[in-house]
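The values are calculated or read from the model by the stated rules, or taken from the named source; none is laboratory data. Worth saying up front: this structure is predicted, and the values here are computed from it rather than measured. Reconstructed Cβ throughout: ideal geometry from the backbone, glycine too, with neighbour counts over all protein chains shown. Heavy atoms of the whole protein, side chains included, go into the accessibility calculation; ligands, DNA and RNA do not. Shrake-Rupley method; radii C 1.70, N 1.55, O 1.52, S 1.80 Å.
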Amino acid sequence: KAKAVVKMKKILNNTKLCMLIPILICMVVLLFTMYFSSAFVMSDDLFDFTFKLDGAVYRLTCDFKDFTENGWSISSNHITEKTMVQGDTQESFTMSKGDNMIFVEAYNMSGNAKMLKDCKIGEIKVDDHCQNGFVIAKGIKIKSSKKEVEDTFGVPDNREEYLCSFSESICYKNEKNGKYNGVYFLFNSFDNKECTLITLRNILKTDDCK
């Protein structure tokens, strides 16, 4: 009887181990996916400053390496990752991936000069020449109509018309953390006033970029 009991305990222990193995494998896969996937998910709140670009989700502010790790590289002349950005200043430049180009702005609020690659990115501009699936809150994107934008986000805080270029801009401000922070849209005066440029700006003065 004693041998039978011992044998039964071994069978039960082996059964439990067999049940635990799939669970452990699932946990490892989940942790691996969480580690290597985007740290953010898209938000419907415009002032969360999330956006999707070429399948990856970002949130301003973000690190310079967030772009380079997804295949984007500096394409501006005379600017490199080692360009020094003086304290309490910004540096605007372009980044490219294949045939697509975006405009970004790095900032340094530390008070000391540091290399561009060590600065935060606080602004991104995307126009209708970028075809890499740029989407912001609630699915708004380049070529969305002005009516669609205003129906989605409400009455803008400011609007301006540019007669010389037959265009109109509107903006939704969020200046509690910094002047000029917000989301800006530029529309042409033709084709149902389609959006041709979207700017997200969220430069946090409390972030010293240590």
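So how many residues does the stretch 47-62 have that are part of a strand (DSSP E or B) and either open to solvent by less than 50 Å² (accessible area, probe 1.4 Å) or touching an Asp or Glu at 6+ places or on another chain (Cβ under 9 Å) (or both)?
8
For the stretch 185-200, enumerate the residues that are in contact with a Leu (Cβ under 8 Å, 6 or more places away or on another chain) and open to solvent by 40 Å² or more (accessible area, probe 1.4 Å).
Passing the criteria: Leu186, Leu197.
Within the set of pairs 6 or more residues apart or between chains, which connect a residue that is under 10 Å from Ala113 (Cα atoms) and open to solvent by 50 Å² or more (accessible area, probe 1.4 Å) inside the stretch 71-94 to a residue that is among the aliphatic types (A, V, I, L, M) and outside any loop (DSSP other than H, G, I, E, B) with Cβ atoms less than 9 Å apart?
As it stands, the answer is Met84/Met115; Met84/Leu116, since those pairs meet every condition given.
Just for the stretch 181-197: of the residues that are in a loop (DSSP other than H, G, I, E, B) and over 14 Å from Phe49 (Cα atoms), which one is modelled with the lowest pLDDT? Full working, then the answer.
The first filter runs over the stretch 181-197 and keeps only residues in a loop (DSSP other than H, G, I, E, B), leaving 181, 189-193.
Subsequent filtering for residues that are over 14 Å from Phe49 (Cα atoms) retains 189-193.
On the way: Ser189: 74, Phe190: 63, Asp191: 59, Asn192: 67, Lys193: 84.
Per the criteria, the residue is Asp191.
Every residue in the stretch 152-180 that is in a strand (DSSP E or B) and loosely packed, with under 15 Cβ neighbours inside 10 Å, please.
Keep residues of the stretch 152-180 that are in a strand (DSSP E or B), which gives 158-162, 167-173.
Scanning the stretch 152-180 gives Asn158, Arg159, Glu160, Glu161, Tyr162.
Yes or no: Val149 closer than 25 Å to Asp54 by Cα, under 18 Å from the mean Cα position of the chain (by Cα) and surrounded by 19 or more Cβ atoms within 10 Å (Cβ to Cβ)?
no
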